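Step one of this worksheet: look at the structure below.
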Ligand SMILES: [Zn+2]
């Protein structure tokens, strides 16, 4: 990446209201059949265009073709029964009715590869593609087959690796694994979570990222955040082992969070996607606020390794707000770029 401080988003962006109900997670599609297929592609084009208009350097599909960052991937796999549901606690936080693993899991065919090829055709800019991480996947399921979180995560890691290799072949430059569960299950992360992630990236030549956040700005997450105290030191538990891992980039929540930024020192040497946009509020950051978050992280991250980003996905936000936040991200990065090159 030649651009200094290349900007990107953590992943999801709002969908147009003709495609899905706005400001809603797991929003049902408003189209079906071929119209839905075409509608998703059109939305992807619009989302790409909005990122380009805002001057985002590393673009994505805005997750326009998926209903949810974890569920949609799992829907394409064998071994999971979506009719058979059990209530579990997701990330130790909120109850949800989830599908059941009823047999060996496998990928019958590529999940996002055609979408990635379509995005690749639309732009010469670097593209990033998000996949759910193995630990976050197991956390949204009831496992009646393996009866072992570690075993199921390992099977998912193998499946993700197949998908990732095909995404790489389709021309994706950065493959990102979303692992909000890394902020919750520290012992498991260190025992086998990071090992599973390394299994998922095995043999890849493109860059790889892990996104670890405090979640979308939905009520269950904001309530949970209130219980975390004034200093959020969760990253401290997993950073030392991540620093030693083969993952190239770590994507983190920084702006407006209570994460002590000096924790970034623990992943010194890694590239860091610094969340400089809060996705849990409709108020729009000023470029100066973005710049100030970036400047603060420059104390712990070398400029060459700093990738300005959003704290998390923006799917639940109103479109105009998300769009304004993208503009602020670009403008804030530009302020710091100028300072660095002065
Ligand atoms: Zn996130």
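Some notes on this structure:
- Computed FRET value (nearest 0.05) for residue 121 with residue 228, which takes r as the C-beta separation and R₀ as 35 Å: 0.25
- P(r), alpha carbons of the range 81-120 - 5 Å bins starting at zero, rounded %: 6, 19, 13, 15, 15, 15, 13, 4
- When you work out D = kT/(6 pi eta Rh) for the range 54-122 at 4 °C and 1.567 mPa s, using the Kirkwood radius from C-alpha pairs as Rh and the Stokes-Einstein form, the result is 90 µm²/s.
- For the chain: relative contact order, % (alpha-carbon pairs under 8 angstrom, 6 or more apart): 20
- Entry note, the chain: the mean residue ellipticity at 222 nm calculated from DSSP H runs of n ≥ 4, each adding -39500 (n - 2.57), is -11000 deg cm²/dmol after division by the residues and rounding to the nearest 500.
- Segment residue 21-residue 49, length gained on full extension (0.36 nm per residue, minus Cα span): 8.0 nm
- Antiparallel bridges, percent of DSSP beta bridges restricted to the chain (to nearest 5): 30
- Cβ crowding within 10 Å, taken as a proxy for footprinting-reagent exposure, orders 139, 248 from fewest neighbours to most as 248, 139.
- Potential lengthening between residue 81 and residue 31 on full extension [0.36 nm per residue; Cα-Cα distance subtracted]: 15.6 nm
- Here the scattering of the range 69-212 is modelled by Debye summation over its C-alpha atoms, one equal scatterer each and no solvent; at q = 0.11, 0.19, 0.20 Å⁻¹ the log10 of I(q)/I(0) is -0.39, -1.11, -1.21.
- With both labels modelled 7 Å from their Cα along Cα-to-Cβ, the residue 109 to residue 320 distance reads 4.1 nm.
- Compared with the direct C-alpha span, the chain from residue 191 to residue 246 gains 18.2 nm at full extension, assuming 0.36 nm per residue.
- Against the empirical 2.2 N^0.38 Å (N residues), the range 182-284 has a Cα radius of gyration ratio of 1.10.
- Percentage, to the nearest whole number, of Cα pairs in the chain over 40 Å apart: 5
Quick note: the coordinates plus some simple rules give every number you see, no bench work behind them. These numbers come from a predicted model, not from an experiment. Every residue, glycine as well, gets a Cβ built from its backbone with ideal geometry; the counts of neighbours run over all protein chains shown.
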